[in-house]
Amino acid sequence: MRPALAPPEPAKAQCPYCGVGCGLELRPAVDAAAAAPQWSVRGDRSHPSSLGQVCIKGATVAETLDRNRLTTPLWRERLDHPFTPIGWERAFALLVERIRATLAGKGPQALAMYGSGQFLSEDYYVANKLFKGALGSNNFDANSRLCMSSAVAGYSRSLGSDGPPCCYDDLDLADLVLLIGTNTAECHPVLFQRLLKRKRRQGSAFRLVVVDPRATATSAAADLHLPIRPGTDVALLCGVGHLLVEQGGLDHPFIAEHTEGFGDLLELWHRWTPAQVSQLCGIVESDLRLLADWWLDAAAALSLWSMGVNQSSEGTAKVSAIINLHLVTGQIGRPGSGPFSLTGQPNAMGGREVGGLAQLLPGYRSVADPLHRSQVERHWGFAPGSIAAAPGLSVWEQIEAMERGDLDLWWVAATNPLVSMPSLDRVRVAMARCPMVVLSEAYAGTETAAMAHLLLPAAQWSEKAGVMTNSERRVTLCPAFRQPPGDARPDWAVFAELGRRLGFVEQFSYASAAAVYAEFAGLTTGRVCDVSGLSHGLLAQHGPQQWPFPAGTEPGGGQARLYGNHRFATASGRARLLAEAPLGLAEPPCEQYPLVLTVGRYLGHWHTMTRTAHVARVVQQHPEPLLEVHPDDAGRHGLSDGAMAEVCSRRGSVRARVQITAAIRPGTVFLPMHWGASQELACEANRLMHEQACDHSKQPELKAAAVTLRSC
């Protein structure tokens, strides 16, 4: 029997939506008619990342906690059978039987898990340990692959390690902020409000530049908006580099002492003249020159980016191209400056720390490194050689493995890939070939559940204790302040129980989530992401802390910025300037498909709407997906405002209501990605998107696909 929680008391936690990681205060409301305590939400003014600010999603999160919940394990042998309720004993027996049979027949490569930045770090860590350590399968990937893996690869290739070097205070200290590939106003709204307040206070003394094919609420506040053609980001950044060289704006002492590879980069930049770049990007040359002038004028330049950079077949090259500009001007490791990726999921940063991608191990280690593997094996208590030497399958490679019949078990947890993955029809067909698809989920009726055999009810944020790390490397303890519904269990506890039942009793005998975190923290000693001085107890007593936070650090003494000494995490201690020529879109427009579709998010909705579809205020604000089309393209395709249109790509078609607007550049159309097949107004935007990915990060190009339009 689950121990009863104490009577409800006010609680503080990190918001479970985006990577800003705002602090929330939750207070029990008196409602004698309610079956469970009701909660009110407001921003936590003491949280250093958000200072009491909150967006509509965070403000309404309490309305989602009890609605449409999965409360008991469900099972069916075949997808055309109905689900039958079963107990946890039967669920664990099914899992143990399948895993043992697969290990005996096909080996560990036939087992795979796809996790999520909705996990708490403890969930991530135990799942990672179960698959990579106990089962010998590195096939543990997470939806950070669709979100931040290009940032991971870009930081690692250029600076020697993952880890954003900046902090949110830099937004208040920069003279120039470059927002590239991020609609910050809608996707990271609390950070954007911070920028807006500065703009109102300082006017032209603070400059804001936005690079985006669409005119958005973000670009409306900008001093300069560059509506470049999709896929031309690297060319734009090369053009800025060319002008920095031309105008003598480089920090040559910094380049000589702290970087390598400058000669190759100089040669690349020389080829990308302002005239050539402006023509390719579809912008006026004077705007390109203005951006370069402002970068040169800025004592502190800060760049922020998100999915528009990362979700690309050249996503890692885009990240490195941004970092190049900071390195050649010495704009890194100093207040108000640096390359700053904004994570999408609330704990995507925590997942990277614990090794939650198929090529990673905890503490920013690599499965390909023999020393790293042996360090983790010893810490985990597994025999030498337990962790496989080759990187595991990324999530799309897991889909391909199911297509080939190579996977016997695909376990999805805390995510909804049948809305968020590219080429959704292909994903469905692949899943239908897998003998056992398991879904750990808090909510009932998701699109992915329709293709699962075993459903496991998950305790979510608010019902289990654990930590999350936000985009500025700040760790917040999220307490359990509610009872999970029905038989729902914390994910980490499910993974640990399965590990014990598979014979790894000592390795998975955790008394609490605090014990899990303590084990993980010990693995980070001396690493870039050192949290060896953190614990649940310290975080509960002293509040959120920023890493690095090595053992012995006083509360509040975490490091705000990385690389302040200009020594980087490479073998030489020098940052790498990477010269990578622009490649453009993986699927450019053509005569048959003359337009580029880009997808994105609305302010009120969260990813695949498993939570926000049940919040009346949000649904009223965003009642349906709208297809944004420039007037020129609408005329060519015979579309009228408010009418329905069919959007077609090489992979399928969807229908949506047309919104004719000059806010999007000609040749480009936009759809939100939230509406899946389970919604009344189904508009599966990602059915249209292709799976071609960045060679380095394996992140799919979810921001661009060639399409055509038809009136319907």
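The values are calculated or read from the model by the stated rules, or taken from the named source; none is laboratory data. A quick note: this is a predicted structure, and the numbers were derived from the prediction, not measured. Because the Cβ atoms are built from the backbone with ideal geometry, glycine has one as well, and the counts that use them run over all protein chains shown.
F504 falls short on exactly one of the conditions (1) surrounded by 22 or more Cβ atoms within 10 Å (Cβ to Cβ); (2) among the aromatic types (F, W, Y); (3) over 24 Å from R69 (Cβ atoms), and that condition is (1).
Among the residues of segment 568-591, the ones that are in contact (Cβ under 8 Å) with a residue 60 or more places away in the chain and either charged (D, E, K, R) or assigned by TED's automatic domain parsing to the domain that holds F254 (or both) come to 4 in all.
Only residues that are within 24 Å of W606 (Cα to Cα) and of a type in the set (D, E, K, R) were counted across segment 621-660, and they come to 4. Filter segment 98-112 for residues that are charged (D, E, K, R) and part of a helix (DSSP H, G or I); which is surrounded by the most Cβ atoms within 10 Å (Cβ to Cβ)? In this case the residue turns out to be R98. Looking only at segment 681-697, residues that are more than 18 Å from the chain's Cα centre (by Cα) and closer than 21 Å to V619 by Cα come to 5 in all.
When you check S49 against the structure, is it part of a loop (DSSP other than H, G, I, E, B) and either closer than 27 Å to R194 by Cα or outside the structural domain of I387 (by TED's automatic domain parsing) (or both), yes or no? Working first, answer last.
Values: part of a loop (DSSP other than H, G, I, E, B): yes; either closer than 27 Å to R194 by Cα or outside the structural domain of I387 (by TED's automatic domain parsing) (or both): yes.
Answer is yes for this residue.
Going through V658, V669, V654 one at a time, which residue ends up being under 28 Å from the mean Cα position of the chain (by Cα), over 19 Å from P417 (Cβ atoms) and at pLDDT 95 or above?
Working: V658 fails: under 28 Å from the mean Cα position of the chain (by Cα); V654 fails: over 19 Å from P417 (Cβ atoms).
Answer to the selection: V669.
Note on segment 86-131: residues that are of a type outside the set (A, V, I, L, M) and closer than 20 Å to P490 by Cβ amount to 19.
Might you let me know whether segment 134-145 holds any residue that is farther than 30 Å from S306 by Cβ and either part of a helix (DSSP H, G or I) or hydrophobic (A, V, I, L, M, F, W, C) (or both)? Let's see the steps before the verdict.
Step one: of segment 134-145, the residues farther than 30 Å from S306 by Cβ are 134-137.
Imposing the further condition that a residue be either part of a helix (DSSP H, G or I) or hydrophobic (A, V, I, L, M, F, W, C) (or both) reduces the set to 134-135.
Within segment 134-145 (the criterion being farther than 30 Å from S306 by Cβ and either part of a helix (DSSP H, G or I) or hydrophobic (A, V, I, L, M, F, W, C) (or both)), the answer is yes, since at least one residue qualifies.
Pick from H225, H242: which is in a strand (DSSP E or B) and not assigned by TED's automatic domain parsing to the domain that holds A383?
Values: H242 fails: in a strand (DSSP E or B).
One residue alone meets the criteria, H225.
Looking across segment 507-530 at every residue that is surrounded by fewer than 16 Cβ atoms within 10 Å (Cβ to Cβ) and over 17 Å from F131 (Cα atoms), the one that is farthest from the chain's Cα centre (by Cα) is identified as A511.
Could you tell me whether segment 391-401 includes any residue that is acidic (D, E) and either without any contact (Cβ under 8 Å) to a residue 24 or more places away in the chain or farther than 18 Å from G154 by Cα (or both)?
Filtering segment 391-401 down to residues acidic (D, E) leaves 397, 400.
When the remaining residues are screened for being either without any contact (Cβ under 8 Å) to a residue 24 or more places away in the chain or farther than 18 Å from G154 by Cα (or both), the result is 397, 400.
There is at least one residue in segment 391-401 that is acidic (D, E) and either without any contact (Cβ under 8 Å) to a residue 24 or more places away in the chain or farther than 18 Å from G154 by Cα (or both).
Screening segment 77-97 for residues that are of a type outside the set (V, I, T) and under 32 Å from the mean Cα position of the chain (by Cα) and picking the one that is surrounded by the fewest Cβ atoms within 10 Å (Cβ to Cβ) gives L79.
Does segment 689-707 include one or more residues that are farther than 26 Å from V211 by Cα and either at pLDDT below 95 or surrounded by fewer than 24 Cβ atoms within 10 Å (Cβ to Cβ) (or both)? Walk me through how you get there before you give the answer.
Here is the first cut: in segment 689-707, the residues farther than 26 Å from V211 by Cα are none.
Scanning segment 689-707, I find no residue that is farther than 26 Å from V211 by Cα and either at pLDDT below 95 or surrounded by fewer than 24 Cβ atoms within 10 Å (Cβ to Cβ) (or both), so the answer is no.
When the residues of segment 164-221 are filtered to those that are under 22 Å from the mean Cα position of the chain (by Cα) and basic (K, R), the one that is farthest from F340 (Cα to Cα) is R214.
Restricting to segment 564-585, name every residue that is in a loop (DSSP other than H, G, I, E, B) and either touching a strand residue (DSSP E or B) at 6+ places or on another chain (Cβ under 8 Å) or β-branched (V, I, T) (or both). Explain how you work it out, then say what you get.
Of the residues in segment 564-585, the ones in a loop (DSSP other than H, G, I, E, B) are 564-574, 577-585.
The answer is F568, T570, S572, R574, L577, L585.
Restricting the first member to segment 72-96 and to residues that are more than 25 Å from F131 (Cβ to Cβ), and the second to residues that are of a type in the set (V, I, T), the beta-carbon pairs closer than 6 Å and six or more apart or on different chains are P85/T72.
Filtered by the rule that a residue be among the β-branched types (V, I, T) and farther than 16 Å from N139 by Cβ, segment 401-459 gives V419, V427, V429, T446, T448. Listed by first and then second residue, the pairs with beta-carbon distance under 8 Å, at least 6 apart or on different chains, first residue in segment 680-703 and within 13 Å of S420 (Cβ to Cβ) and not assigned by TED's automatic domain parsing to the domain that holds E400, second crowded, with 24+ Cβ neighbours inside 10 Å and among the aromatic types (F, W, Y), are E684/W675; A685/W675. Of note, R651 does not satisfy the criterion of being within 26 Å of G445 (Cα to Cα) and surrounded by fewer than 16 Cβ atoms within 10 Å (Cβ to Cβ). Of the numbered conditions (1) without any contact (Cβ under 8 Å) to a residue 24 or more places away in the chain; (2) farther than 17 Å from E89 by Cβ, A450 fails exactly one; give the number of that condition. Looking at each condition in turn, A450 falls short on (1).
I need the full set of residues from segment 661-681 which are in contact with a strand residue (DSSP E or B) (Cβ under 8 Å, 6 or more places away or on another chain) and surrounded by fewer than 20 Cβ atoms within 10 Å (Cβ to Cβ), in order please. Quick ask: steps written out before the conclusion?
Of the residues in segment 661-681, the ones in contact with a strand residue (DSSP E or B) (Cβ under 8 Å, 6 or more places away or on another chain) are 661, 663-665, 667-673.
Hits for segment 661-681 are T661, A663, G667.
Pick from T273, T232, T259: which is closer than 28 Å to L173 by Cα and either at pLDDT 95 or above or surrounded by fewer than 22 Cβ atoms within 10 Å (Cβ to Cβ) (or both)? Break it down stepwise before answering.
Numbers: T273 fails: closer than 28 Å to L173 by Cα; T232 fails: closer than 28 Å to L173 by Cα.
Answer to the selection: T259.
Of everything in segment 635-663, what is within 21 Å of L681 (Cβ to Cβ) and small (G, A, S)? Give them in sequence order.
S640, G642, A643, A645, S649, G652, S653, A656
Might you let me know whether segment 547-555 holds any residue that is touching a residue at least 12 places away in the same chain (Cβ under 8 Å), among the small types (G, A, S) and surrounded by fewer than 20 Cβ atoms within 10 Å (Cβ to Cβ)? Yes; the residues of segment 547-555 include at least one that is touching a residue at least 12 places away in the same chain (Cβ under 8 Å), among the small types (G, A, S) and surrounded by fewer than 20 Cβ atoms within 10 Å (Cβ to Cβ). The strands (runs of 3 or more DSSP E) found wholly in segment 385-497 and carrying at least 1 residues that are modelled with pLDDT of 95 or more and over 30 Å from P550 (Cα atoms) occupy 409-413, 436-441, 454-457. Whenever a residue of segment 146-160 is buried (at least 24 other Cβ atoms within 10 Å of the Cβ), its partners that are part of a helix (DSSP H, G or I) and among the hydrophobic types (A, V, I, L, M, F, W, C), lying with C-beta atoms within less than 6 angstrom and at least six residues away or across chains, give the pairs C147/A348; M148/A348; S150/V319; A151/V319; G154/V319; S158/I323. For segment 531-542, taking the residues that are buried (at least 18 other Cβ atoms within 10 Å of the Cβ) and touching a residue at least 40 places away in the same chain (Cβ under 8 Å), the one that is farthest from V126 (Cα to Cα) is identified as L539. In this structure, is A112 at pLDDT 95 or above, in the same structural domain as W411 (by TED's automatic domain parsing) and out of contact with any helix residue (DSSP H, G or I) (no Cβ under 9 Å at 6 or more places or on another chain)? Spelling it out, it is not the case that A112 is at pLDDT 95 or above, in the same structural domain as W411 (by TED's automatic domain parsing) and out of contact with any helix residue (DSSP H, G or I) (no Cβ under 9 Å at 6 or more places or on another chain).
Only one entry in L70, L65 is at pLDDT 95 or above and out of contact with any Gly (no Cβ under 6 Å at 6 or more places or on another chain), namely L70.
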